[in-house]
Each structure stands twice: as structure tokens, then as C-alpha cells.
1. Amide H of L532: which non-local residues (sequence gap of 5 or more, or other chain) have their own amide H closer than 5 Å, using H built in the peptide plane?
2. Can you give the relative contact order of region 25-125 as a percent, counting alpha carbon pairs under 8 Å and 6+ residues apart?
3. Pairs K522/K563; K178/K233; K522/K613: which exceed 26 Å Cα-Cα?
4. Which FRET efficiency value, to the nearest 0.05, is calculated for I30 and C53 with the Förster distance at 30 angstrom and r the Cβ-Cβ distance?
5. Enumerate the amide H contacts of L435 below 5 Å, restricted to partners 5 or more residues apart or on another chain; note that Pro and chain-start residues carry no placed amide H.
6. How much net charge surrounds V499 when only the other residues with a Cβ under 9 Å from the Cβ of V499 are counted, with Lys and Arg +1 and Asp and Glu -1?
7. Using the count of nearby Cβ atoms within 10 Å as a rough guide to exposure, how do L64, L135, L57 rank from fewest to most?
8. Straight-line reach from K173: which lysines have Cα under 24 Å away, leaving out those fewer than 8 places along the same chain?
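Readers should treat all values here as calculations from the given coordinates under stated rules, not as data from a laboratory. Predicted model, so just to flag it, every value in this text is computed and none were measured. FYI the Cβ positions are ideal-geometry reconstructions off the backbone, even for glycines, and counts take in every protein chain you see.
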Amino acid sequence: MSYNNESFQENIRNDSFFNSFKLNQPNSKINTSSHYNFAFKKIESMFEDGKLCDVRLLCNNGTLEIRAHRVVLSSISDYFYAMFTSNLAESYKTDIEINDIDGETLKILIDYIYTGKIDLNDTNIFSILNAANFLQLENVVKHGCDFLSNNLNISNCVSIYRFSDQESLTYLKSISFKYLLDNFEKLASNNELLNELDESELADLFDDEYLNISTEEFVYEILFRWVDMNKEKRINSISKLLAKVKLPLLKASFLTKEIETNQLLSNECKCQSLMLEALIYHLMPEKFTSSPIPRTTPRKSTVGYLLCVGGIDNSRSTPTPSFIEKYDCRLDKWISFNSNINHITSTQSNTSNSSTNSNGNNINPNSGTTHTNTNALKRLQFGVAVLNSEFLYIVGGRDGLKTLNTVDCFNIVKETWTSSTPMITHRHGLQSTFLGNQPSILYAVGGHDGWSFLSTVERFDLESKTWSYVASMGNARSTLGIAVISNILYAVGGRDANVCLNSVEQFNPMTNRWTVCASMYKRRGAVAVTALNGFIYAIGGHENTSTLANSNRYDCGERYDPKNDQWTMITNIMRAREAISASNLGTNYIYIAGGFDLNSHFRNECERFDPIKNEWTKIQSLNTPRAGACLIYVPPISDHRYFSNYKQRISIKDRNDKNLDEKEKNPVSNDQTTEDNSIVKD
């Protein structure tokens, strides 16, 4: 049958019917959505029947043959595209040998190229992912990596991490390594899994600041337990791995005992040098302050956390917000501690859980009156202080109508409230802190009683449950900042009845005397103050007068050196603000949160200051914009309560994999304390 196009066109030109032919719609386009599906169905059918195939893939040493179409293989696989479009011999050969991939796996992947379908399971995932990576089948690689990452657990995480490393699968390697970091305590508590790790893998884990552990002692003990499992081969790895342990952060008593009793340490000079460095840190910590080394920098899981308490938000309701946000620096995330924290029913603690002072006397703050619906956070301009990393004190403030003298204690661990003895004086705009080498004395400093600005200071003895006055400050101060260094209390800035203040005073509890210090460069009311590594930092604030509000808000900060009685300016924060909250977090950084900006807008942004670099860095913002909040550092809970449990954990031998708990375990804080712990309230 023949078709004559010229004859057909001539007939159209001469036919009057065609010349007068008209349509209501002058043109139309064909766009069939199912075209590609229809075409690939035909191609798939030809593949199955072996029709029009122009290449044979020979695998398993020629025992398996797969017929296919070059153009189809090249359209999905970059490997085949490069092979068939280059000057390689395979570009014109009909038979192509592929011996790097198992025949059955290759058949599955060629079927996928034609159908877009593949079944992944625990028996084929590694072989398919290996082959797909080789053939550059990006979609299969992506789905395979997602499949493995979604099925990570304690028993397979090491195998998946190794596979991803061998295959250079960057995304899967990152996810699996993070899983190892997050679940290291659970992994290391199982001898079989711990023994599976090699030296380089253990070194990488020890070297990472995001390693999720409860205590640094745990890392030390795990190192030597791993060595003991194969001492003959692993003894030469001790010095390399020991250099990854933060030895200076271990207790001096622990280090001394290990030097005396651990024979493995005495066999190598490098190990002795590392232990000596750790002891020097305890004797002369100031040597490492200006030039810290990785071994003196706590891991993010062991440094403690921040609490942002109270303040006022965009609703301008008085008072609000009535909840606490917790900052986890390992996750760089703020978490609402408990949205209904002010409605928790209090319960009295058992005496077995009581805190004691150096004389063995009970200083349990939960021995007071218990109550329900405390509304402890339904107040503004209060003071906060933390005792033993467990008890958060809310002191004074105002509830929107009146100034308060009430004191409430929140048990952070049990999430229960307890009322304590009220202060002698009603105060808002005050600051509070615990002071002493064995802190059991709570101080309330300055503020306003609803009628006048206060210079008075009172202290609360947790043993006798009584408040008493101490020496008054030289200047009345409200919205001041305070900091503690070497058991000396510093009162910084604030305002009196007339102006904002730049004056600074220090209080020695041993002599019950206040002494005037060098003044700041700026007058600062509602100033954020904290201490870090022997220095005091004053940040932001305002210089309003009694008659002119919102006149000048600061983006500058300054640092006080008590040894030289001298202030110096530091790098500006990102935005001028007052009523910022500030705190240190361990021994490395200062954090600020919230505040009012120049337009009286409430801010939720947070920044971190590196004193070595003199540099501010933006971090995760608060969930709720707020000003006048209290930002307070909660150090790790003393490890005396957890170390015995930890010893029991690591002594467990040959745990059955079937008994492994698949749930992730929450980190428990350790005993990394700092010399400075100040509380700031704007």
C-alpha cells in the first residue's frame, strides 16, 4: 500500500469543499497526559519480549544475559549514558560484560529502569544500594538511604554507618553517625556492639562535641572497657583515644586514683602527659581561660541548660507568659518546659531525697507548705535562683496589682511547687541568687516596694527558714543586674528615683560590707548582667529618666575585670534592646534572649557571645517573644547520684540483643560546674 502526499495536497487545493471548509474553533493541540505511560508500557513490553533490543548485558561470568535498549538505559542511568555516548569500546559493542554487580541484583535494577518499581527489604537493601550507587541510579540511592535511615536501631547502626562510609553515601553517613552520637550510652552499654567498633570509629565519636553522654567519666571508662576486650591488639590505641577524652573535666580525685591504680596509663609517656595536663587544669584553671583547648571544653550534653522564665509578651497582658522555656544547646532548640506549669499540684518531698549542707543539716526547700494552682509565675519583675540544679526559686515581683514578698520553689525534676517563707520586704525589680561555697543562703537584692526604690538586701537561711537583713547597698537600685564571682556579690546598674545608674558595688558576705567598684561607661537600667570566667558582662539596657521614657536603648555591652577594677567595651549585639535576659552556659559562652527594641517591639531573638573571639552569633529564637524574662543557667546535676548507677550499667556483660530497648534514652546531666553562676532579671 502506497501513500501519495503530493496527490492528496493537489486534491485539497482543487476541491471547492475543502476551500470553503470552516471550524468554530480555529486550532487545537494534542497533549495526552498518559502518553509517556503508554509509551513506556510498550517499551516495557518490548523489553520483556526481547524485541528491538540493541545491547546484551552479560554478568555472572556470562551465565546470565539481560537484553535491553541503550536509549532506555541511558535515560535513567548516568553510568550507561556515559558508557554509550563516549568513545569507549562499549559504545559500539553489542555485548557488555558487567562483573562488578551480582546478576540477580542487576536484573532487579534493569527491571526498575523499565518499570520504576523496586521492592526494598532487609535481605537485598545493601546489594541493591551498592549496585545502584555504582550505576548512578540517583532515585534508587535516595530511596535506599531513606529506607535505611528510617530503620536505624542500636543493633544495626554500626553496620549502616560503615556501609555508608564505604559507599561514600554522605547523607546516610551523616544520619547514621548522628544516631551513634545520640545513642552512644545505649550502644556502649552492650559489650558485643561496643566490641564491634574499631579504633577510628571510636576516636571519631569521642572527638565529637555532640556525643550524648551523662558524664565524661563514662567516656573514660568505655575506652578502657573497649581495650580490655582485646587488650593485645588494642593497647597501642590507648594514647590516641585518651587524647579525645576531656580529662581536665574529670574530678581531680578520680584522676588521682586512676594514675595510682591504672597500670595501662603508666606504660606510655603520652598517657602520663595527658593526665598531668588534666591535674594542672584543676590546679591552675586560669591558665586555660584565655586559650581553651578542646579537652577543656565540655560536651554539649554535659554542660547543663538554660531556663527562660516569665516576662511579658506581645499581648501585653499582665502578667504573661506564665511558662518556662528550656534551651538545649546540643539541639540548639527551645522547648516549652510545661505549658501548664503554674497548675501543677505540689507534693512534699521525702526526707530521703533532701539536700544537706556541709554539717549534714537538712536544707530541703520542699519542706514548706504544699499547694495547688500556685500561680507562681503569674508575676512580673521577680528574681530567680537555682539550688543544686534541682530547685528553681521565684522571689518577689508583682502580679499586676501589687508588689509581692512571696517566695515559691519549683522542683525541676519532679515538676512540683512548694511555698517558702515570704521576704520581710515586698519587692519587684529585684535580683536574687544563692551565695556561698556550700550555697544554702538565698539573697534578695534591691528593687522597688511599690512606693520607693530600695537599697536594702535580705537573705534567707534554708536551714532556719528565716529571712534577715544584711548591709544595705550604697545606692537604691531597681531593675539592676547581679553577678557572683569568687563568693563576692556584685550589683550593677539599674535605676533609682531619678536616673539610670552606671555605678557598681560589691558585697562580701564574710564582712557584711558593700564596696564601691569602678563605674560602667554607660548608665544602664533594665540591664542584662552575667559572669563568665572571672569577668562580669553588662549588656543592653536603657538610659531613661524619670520624666523621659524610651529615650535611649543600647546595643552595646561592656566587661568588668574585678582584678583590675576596670570596664572595657565589647562587640555590640545585633539590635539595641532593653529588658534583655542574660546568662552564661558553662564556661564557654554568654547567652542573651528577648527584650524590647527601639520601637518597643517584643523580641524573641537570642544570641551567643564568644569572649575569646569577641563575637556575637545568632542562635535559635525563643518560641514566644518576651521582655523582662529571667534567663538562668542550670548546671548539670551532681553526678554523685548517678555515678553508682553508671558503674552498674557498664558492669553488665553480654546483654542479649533481644532485650535492647529501641526507645532513645534522654541524656542525664553530669557535674561540670563553673565558678560563676549569676541570675539576671530586668
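1. Y537
2. 25 percent
3. Among K522/K563; K178/K233; K522/K613, the Cα-Cα distance tops 26 Å for K178/K233.
4. About 0.50, to the nearest 0.05.
5. Result for L435 returns S440, I441, Y443.
6. Result for the neighbourhood of V499: 0.
7. Ascending number of Cβ neighbours within 10 Å: L64, L57, L135.
8. Hits, sequence-local ones excluded: K142, K186, K240, K244, K300, K333, K663, K665.
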